[in-house]
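First up is the structure itself, then whatever we jot down about it.
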Ligand SMILES: C[S@@+](CC[C@H](N)C(=O)[O-])C[C@H]1O[C@@H](n2cnc3c(N)ncnc32)[C@H](O)[C@@H]1O
């Protein structure tokens with residue numbers, strides 16, 4: 001039961017982590033008009049780069065440069081605003097403090113000071129947002145994989161609940177969602193008891209919408225079959241994968257044929273197995289087996305699809321899922337690597353998708369997200385994909401953002417420490 | 001047929017009352033589940049929305065009952081996916097097999113991996129049945145050829161097959177190129193007049209480039225000894241499975257009783273001077289016998305055997321060439337994994353396509 005071991009370590013990491021989160025959040029809520037000097041330094045460097053790019057663009061157009069400059073212009077703009085506001089601050093403060101300022105001017109200055117502080121706060125927020133790089137899959141559509149963990153039938157039923165929740169959510173938002181794969185433990189109303197379901201959400205940008213849903217979702221309720229009325233706990237794992245477009249895009253990272261890209265899958269590495277007819281095959285039998293199983297040999301990633309009567313369609317779907325899983329796994333590995341560096345330098349841990357992220361408690365009719373700390377008491381609305389689910393998801397997105405900013409600061413600091421160490425070494429050599 | 005374990009049957013019944021019926025034919029639970037789901041979907045798609053659930057359930061029960069007696073699912077549902085196509089199926093005409101699907105797909109890929117494929121191609125499919133091979137070949141080839149003129153001619157002795165093939169042509173038009181031609185003709189390929197006719201048709205201006213065929217290849221012996229499934233024997237046309245020709249007599253060796261069509265197919269290929277000859281076979285033993293026939297005739301520059309999965313296995317997992325002893329002591333190249341499934345021969349000028 002690998003999931004259980006996963007859960008146990010998850011809980012441990014989580015306690016230790018939530019202390020950090022709380023501390024971080026408390027500094028955020030007081031929201032001082034100042035911004036971390038580290039971030040400011042980074043913003044200045046990027047703004048300088050933007051200025052340089054603009055200068056070069058003036059003397060000759062280049063799509064690549066223009067694209068880069070475009071992506072930096074938001075940082076430059078926010079920084080400009082922040083600096084303008086920040087520069088006018090001392091003068092205003094002086095005016096307000098100065099006894100000789102006449103009453104009318106002082107009241108004007110006080111108003112001005114208040115609005116400048118507001119601007120400062122809003123620009124620092126902008127700065128933070130623009131500094132955090134967009135997730136590389138953010139603009140893609142996505143696949144949501146739902147799989148029961150420990151807990152037998154209860155987990156399978158809860159997996160069905162989650163599937164319904166996401167489908168309803170999509171319906172309400174006008175997002176097109178189709179079941180790409182459904183393995184059910186029951187032959188009848190199969191969407192209730194799930195062994196594995198993959199929902200394809202076919203709209204660009206939905207990866208970013210659902211990214212916050214990845215992780216272990218836990219249910220606490222009394223199963224219908226439980227005579228003594230005891231509450232059971234079971235878990236379902238949700239994975240959110242990038243749905244890679246059929247055609248490779250122009251931006252390098254989307255490239256199927258580029259061996260260095262996250263999306264590249266060498267067909268030589270993939271073994272295809274189809275159900276073989278027993279015996280001679282060919283004209284001797286008229287089997288209906290259409291299952292296709294792909295195995296990515298280097299990583300031993302296995303995808304099996306048997307939903308359609310068409311082997312051709314099953315194969316296409318299996319490739320779609322395989323590509324998505326590999327791209328996500330590669331991204332995870334990369335993030336893990338960076339996170340390890342961060343831990344070694346500044347001790348900021350990362351929350352992996354193996355962690356328990358949310359609890360749905362039937363008895364108390366509540367849902368708690370363990371990352372943002374939000375608790376909502378309208379379980380039904382959440383399970384119907386209603387606006388309460390928006391609130392939960394939004395809170396997690398906020399949390400993700402603060403984590404990203406935290407990580408950014410950590411990276412900058414690590415970078416600085418490295419530079420300092422290097423220059424010290426250099427000095428020693430002198 | 002071994003009895004199914006009662007415990008499994010009980011489990012199936014627990015899941016759905018109709019599952020044990022399907023289980024009887026499918027022999028394993030996942031397939032039975034899939035078939036039940038496809039049957040239910042079929043009923044939802046075809047039933048009038050006003051029909052009460054009880055009628056629908058009754059209908060589902062009837063279909064499961066038919067299936068439990070061995071009626072092929074493809075005849076019940078009326079179709080079989082073949083590559084990216086949907087081929088209509090009817091009792092009286094052989095259901096297209098996944099092996100034929102893979103063979104046709106691999107042939108198309110092989111042809112396309114040889115860049116200077118001429119824009120005009122003539123393909124002859126003998127014993128075409130539902131017309132599945134011409135339709136799939138066409139749909140796979142035309143998107144990669146600029147201004148394609150792909151002429152495909154399908155022949156079958158069965159009038160039922162010919163009318164179904166024409167329906168299938170119509171059913172799949174959206175996968176086909178408008179400027180190309182696919183035609184079907186009812187004929188006996190052993191008929192000399194027919195051969196003369198088709199020979200006259202190909203003039204000096206053009207030749208048949210490819211002859212492909214999935215002829216009846218099961219020997220009377222293999223038809224009755226248990227290696228042919230009950231559902232096939234009871235529900236599919238015997239004329240599509242077991243060769244019946246004037247030259248066959250029951251005193252012939254039992255194992256070669258399925259070979260009757262290959263000499264005739266080779267003869268036609270020689271008369272028409274086709275560039276590429278592709279025939280499906282039952283197994284490796286038959287494949288080797290057909291290779292022997294090809295070599296006897298000379299005229300062919302190369303010949304090889306494709307297994308069920310020609311692209312798999314081999315030295316680096318790409319279906320690399322494997323050497324096997326031929327019947328006459330000469331080596332035969334065999335590609336891929338699985339059962340021996342096709343013999344491919346080519347004339348001068350086509351070696352570049354197949355030897356790569
Ligand atoms: C094995 S089925 C192949 C059908 C189809 N090509 C496929 O792959 O599904 C053989 C076909 O050969 C046809 N056939 C049998 N004897 C024939 C003959 N003498 N001339 C032409 N067709 C014949 C049968 O009617 C049957 O449709």
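The values are calculated or read from the model by the stated rules, or taken from the named source; none is laboratory data. Model, not experiment: these values are computed from the prediction. In this analysis, Cβ positions are derived from the backbone assuming ideal geometry, glycine residues included, and neighbour counts consider all displayed protein chains.
Just to be sure, is residue B:164 within 14 Å of the ligand (Cβ to nearest atom), more than 19 Å from residue B:210 (Cβ to Cβ), at pLDDT 95 or above and assigned to a helix (DSSP H, G or I)?
For residue B:164, the condition - within 14 Å of the ligand (Cβ to nearest atom), more than 19 Å from residue B:210 (Cβ to Cβ), at pLDDT 95 or above and assigned to a helix (DSSP H, G or I) - is met.
Can you find, within segment B:108-137, the residue that is nearest to the ligand (Cβ to nearest atom) among those that are surrounded by fewer than 24 Cβ atoms within 10 Å (Cβ to Cβ) and part of a helix (DSSP H, G or I)?
B:108
If you take the residues of segment A:282-300 that are within 18 Å of residue B:312 (Cα to Cα) and within 31 Å of the chain's Cα centre (by Cα), which of them is farthest from the other protein chains (Cβ to nearest Cβ)?
Selected residue: A:300.
Scan segment A:111-119 and tell me whether some residue there is assigned to a helix (DSSP H, G or I) and over 28 Å from residue A:38 (Cβ atoms).
yes
Answer yes or no as to whether residue A:320 is over 30 Å from residue B:229 (Cβ atoms), surrounded by 18 or more Cβ atoms within 10 Å (Cβ to Cβ) and either modelled with pLDDT under 95 or outside the structural domain of residue A:180 (by TED's automatic domain parsing) (or both).
yes
Would you check if there is a residue in segment B:179-187 being more than 16 Å from the ligand (Cβ to nearest atom) and under 18 Å from residue B:261 (Cβ atoms)?
The answer is no; no qualifying residue exists.
Go through the residues of segment B:189-205 one by one and say whether even a single one is within 18 Å of the chain's Cα centre (by Cα) and within 15 Å of the ligand (Cβ to nearest atom).
yes
Every residue in segment B:257-280 that is in contact with a strand residue (DSSP E or B) (Cβ under 6 Å, 6 or more places away or on another chain) and within 13 Å of the ligand (Cβ to nearest atom), please.
Listed by number, the residues that qualify are B:265, B:278, B:279, B:280.
Does residue A:394 fit the bill of being outside any loop (DSSP other than H, G, I, E, B), without any contact (Cβ under 8 Å) to a residue 12 or more places away in the chain, farther than 22 Å from residue A:220 by Cα and within 15 Å of the chain's Cα centre (by Cα)?
Yes; evaluated as a whole, the condition is true for this residue.
For segment A:262-287, name all the residues that are at pLDDT 85 or above and either within 15 Å of the ligand (Cβ to nearest atom) or part of a helix (DSSP H, G or I) (or both).
A:269, A:281, A:282, A:283, A:284, A:285, A:286, A:287
Is there any pair with a first residue in segment B:154-173 that is under 13 Å from residue B:133 (Cα atoms) and a second that is assigned to a helix (DSSP H, G or I) and more than 11 Å from the ligand (Cβ to nearest atom) whose Cβ atoms are under 8 Å apart and which are 6 or more apart or on different chains, and what are they?
Matching pairs, first to second residue: B:172/B:139.
Which members of segment B:167-178 meet the condition of being within 14 Å of another protein chain (Cβ to nearest Cβ) and either within 16 Å of the ligand (Cβ to nearest atom) or out of contact with any helix residue (DSSP H, G or I) (no Cβ under 6 Å at 6 or more places or on another chain) (or both)?
Selection gives B:172 alone.
All but one of (1) outside any helix (DSSP H, G or I); (2) away from chain A (no Cβ under 14 Å); (3) under 23 Å from residue A:287 (Cβ atoms) hold for residue B:93; state the number of the condition that does not hold.
That leaves (2) as the condition not met.
Taking the conditions exactly as written (more than 27 Å from residue B:176 (Cβ to Cβ), buried (at least 19 other Cβ atoms within 10 Å of the Cβ) and either in the same structural domain as residue B:42 (by TED's automatic domain parsing) or within 16 Å of the ligand (Cβ to nearest atom) (or both)), does residue B:63 satisfy them or not?
It is true that residue B:63 is more than 27 Å from residue B:176 (Cβ to Cβ), buried (at least 19 other Cβ atoms within 10 Å of the Cβ) and either in the same structural domain as residue B:42 (by TED's automatic domain parsing) or within 16 Å of the ligand (Cβ to nearest atom) (or both).
Can you tell me which of A:143, A:131 is within 22 Å of residue A:402 (Cα to Cα) and buried (at least 17 other Cβ atoms within 10 Å of the Cβ)?
Being within 22 Å of residue A:402 (Cα to Cα) and buried (at least 17 other Cβ atoms within 10 Å of the Cβ) holds for just one of A:143, A:131, which is A:131.
Would it be correct to say that residue B:48 is at the interface with chain A (Cβ under 10 Å from one of its Cβ atoms) and either under 30 Å from residue B:152 (Cβ atoms) or over 14 Å from the mean Cα position of the chain (by Cα) (or both)?
Answer is no for this residue.
Any residue at all in segment B:138-158 that's under 28 Å from residue B:244 (Cα atoms), more than 9 Å from the ligand (Cβ to nearest atom) and part of a helix (DSSP H, G or I)?
Within segment B:138-158, not a single residue is under 28 Å from residue B:244 (Cα atoms), more than 9 Å from the ligand (Cβ to nearest atom) and part of a helix (DSSP H, G or I).
Can you pull out every residue in segment B:209-234 that is within 16 Å of the ligand (Cβ to nearest atom) and touching a strand residue (DSSP E or B) at 6+ places or on another chain (Cβ under 8 Å)?
B:210, B:211, B:212, B:213, B:214, B:215, B:217
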